[in-house]
Amino acid sequence: MNVYFFTFGCKVNLYETENMKEKFSEAGFDISAEECSADIFVINSCTVTETGDKKMKKEIRRLKRTYPDCITVLTGCFPQAFGEEAEKLSEADIITGTKNRSKLPQIVLNYINEHKRTVEICGYTRNEAFESCSNKGYANNTRGFMKIQDGCGMFCTYCIIPYSRGNFRSKPLADIAAEAKTLADAGHKEIVLTGINLSFYGIDFGKRLADAAETVCRTDGIERVRLSSIEPEMITNEDIKRLSALEKLCPHFHLSLQSGCDKTLKAMHRRYLSADYEKLVGSLRENFPDCSITTDIMVGFPGETEENFRESLEFAQKIGFAKAHIFPYSQRSGTPAAEMQNQIPQEVKHRRAAEMEKAMSISREIFLKSQVGKVFPVLFEREKADGIHNGYTPNYTKVKILTKYSEKSLRNELFYVKIVEAGKDHCIGEIVSNH
């Protein structure tokens, strides 16, 4: 039978979807590239925002309406956090959470044999072990992803993740080493380490994120190791020193800020102040001279005054981010922030988001202009029909090179490139030599 997958949410979900595909293939199912040829739909859900929930529910209803005889499977964060609400989705024939998804193919086989609706959502215990999962490679990607951490116990007041993912859990170093070799053997030159709260890697058995990065960097065939989004709380100067000694580690740090206003940070139950964040950025820039710092910034958190917003805006401008993802606060049922007084009107949130976006666009342009004249190794990922090749520097600056190289595919190749021009969201470069 053919299985088609839908993924909502972050890179961790994409990783887990790839893992589920492998499990279904091993169980004898065929993975479909088109939904119209599928017998089974697997929806890997995210539940960070209620808007995302609505999109996911709409998709399930569309699938059941369009393909009434197909089996629909809902898995992931939404049913884990909101089991009773998920169970009410009559369009879902099978409902599971974020735990024990390696058993999902067998659950589907049982459903095929018994035709009995199945709801199987298992809760997490505090000392839960990391669920074994790995990928053999990403056929269409030059970049491979490796999930090394799961869960979060920080309970930020706006966030549902601790309820949908359980407490901190980390992948053992031996498993990391084995998966890195598998990905290298599959042809991946760059590996991205991902997790729900990556900075807390190893807290459950006395290791640090640097231990995981060092393990992957030792892998033959891997030329780059990149970190996905990290939180400021657990990154120390010692960690930075260890990471800076790794030649393969890419100097790009997506360091989540959320707000540059201390009052708002406290209301969010973040475990740092703006001064702590600024000091951390300074240490990263001192140890990684060509690094880029990117971030997430939320506007319109409950109780955020115009003065608080200005403070956050000015702090973000002072840091000088290479890029920032701006989003207005969205109420998430089941979190403390959803019940707070002084919710900000939508029009105010959208105005603040637009203003922050404009300021961060200027920061982006300043950063890109600062790259002009420098030479970086660029890993090329794809070429467009017009012959323009696209790739990324170690600090995750997108680079395009001219059409004179169009006669040869540069995909998954590393070349030294001189940056000659900066645009609004990318740079133009010229190849100067092979890596």
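Where a number appears in this text, it was derived from the coordinates with a stated rule and is not lab data. Only a predicted model underlies this, so the values are computations on that prediction, with no experimental measurement involved. Note: ideal-geometry Cβ built from the backbone for every residue, glycine included; neighbour counts use all protein chains shown.
Just a few scattered comments:
- Length gained on full extension, E286 to S333, computed as 0.36 nm times the residue gap minus the Cα-Cα distance: 12.8 nm.
- Cleavage-rule hits (GluC sites (Glu not before Pro)) in the stretch 180-244: DSSP loop, at most 15 neighbouring Cβ within 10 angstrom: none
- Normalised contact order of the stretch 243-377, rounded percent, pairs of Cα under 8 Å and 6 or more residues apart: 26 percent
- Exposure proxy order (Cβ contacts within 10 Å, fewest to most) of C291, C122: C122, C291
- Taking 0.36 nm per residue of separation and subtracting the Cα-Cα distance, full extension of the segment from L402 to R218 would add 62.8 nm.
- Distance between the pseudo-spin-label points of Q106 and V119 (7 Å out from Cα toward the beta carbon): 2.3 nm.
- Coupling constants for the stretch 53-68 follow from the phi torsions by the Karplus curve (6.51 cos²θ - 1.76 cosθ + 1.60, θ = phi - 60°), and in residue order they are 4, 5, 5, 5, 4, 4, 5, 4, 5, 5, 4, 5, 6, 7, 10, x Hz; glycine and proline get x.
- Dipole magnitude (debye, nearest 20) for the chain, charges at Cβ of Lys, Arg, Asp, Glu: 420 debye
- Fewest-first ordering of T236, T72 by other beta carbons within 10 Å of each residue's beta carbon gives T236, T72.
- Using the alpha carbons alone, the radius of gyration of the stretch 375-434 stands to its Kirkwood radius in an Rg to Rh ratio of 0.91.
- Remark on V299: its backbone amide H falls under 5 Å from those of F327, Y329, a criterion applied only to residues 5 or more positions apart or on other chains, H modelled at 1.01 Å from N.
- Full-stretch length increase - K318, K88 - with 0.36 nm per residue and alpha-carbon distance subtracted: 78.0 nm
- Loop-resident sites, the stretch 1-53, for chymotrypsin sites (Phe, Trp or Tyr not before Pro), counting at most 12 other Cβ within 10 Å (DSSP): none
- Annotation: the antiparallel percentage among DSSP beta bridges lying fully within the chain is about 35.
- For the stretch 139-194 versus the stretch 1-75, the inter-centroid distance based on Cα atoms is 20 Å.
- For L249, the amide hydrogen comes within under 5 Å of the amide hydrogens of V225, counting only partners 5 or more places away or on other chains and with H modelled in the peptide plane.
- Computed over the stretch 2-120, the range of Cα coordinates on each principal axis works out to 35, 28, 26 Å, biggest value leading.
- Backbone HN-Hα couplings from phi across the stretch 409-417 [Karplus 6.51/-1.76/1.60, Hz, Gly and Pro as x]: 6, 9, 4, 6, 10, 10, 9, 6, 10
- Filtered GluC sites (Glu not before Pro), the stretch 32-84: DSSP coil and at most 16 other beta carbons within 10 Å: E34
- Among N167, N308, N110, residue whose mean-square fluctuation peaks in a GNM of the chain (springs only between Cα atoms under 10 Å): N110
- When the P(r) of the stretch 334-435 is calculated, the portion above 23 Å amounts to 44% of the C-alpha pairs.
- By the count of other C-beta atoms within 10 Å, a proxy for reagent exposure, S32, S409 are ordered fewest to most as S409, S32.
- Dipole magnitude of the stretch 375-434 about its Cα centre (Cβ charges: Lys, Arg +1; Asp, Glu -1), debye to nearest 20: 40 debye
- The chain, relative contact order [Cα under 8 Å, separation at least 6], %: 10 percent
- Close amide-amide hydrogen proximity is noted between F145 and V192, each under 5 Å apart and 5 or more residues distant or on a separate chain (H modeled in the peptide plane; Pro and chain starts excluded).
- Fraction of alpha-carbon pairs over 15 Å apart in the stretch 122-178 - percent: 57 percent
- Violating pairs (Cα-Cα greater than 28 angstrom) within the set K55/K103; K54/K116; K207/K369; K55/K248; K11/K349; K279/K358: K207/K369; K55/K248
- Hz values of 3J(HN,Hα) by residue in the stretch 194-210 - Karplus curve (6.51, -1.76, 1.60), Gly and Pro given as x: 10, x, 5, 9, 4, 4, 8, 3, x, 4, 7, 9, x, 10, 10, 4, 4
- Over all Cα atoms in the stretch 152-300, the spread is summed up by Rg and Dmax: 15.9, 49 Å.
- Share of pairwise Cα-Cα distances greater than 31 Å in the chain is 46 percent (whole percent).
- Relative packing of 75-81, 293-299, which averages over residues the other C-beta atoms within 10 Å, highest first: 75-81, 293-299
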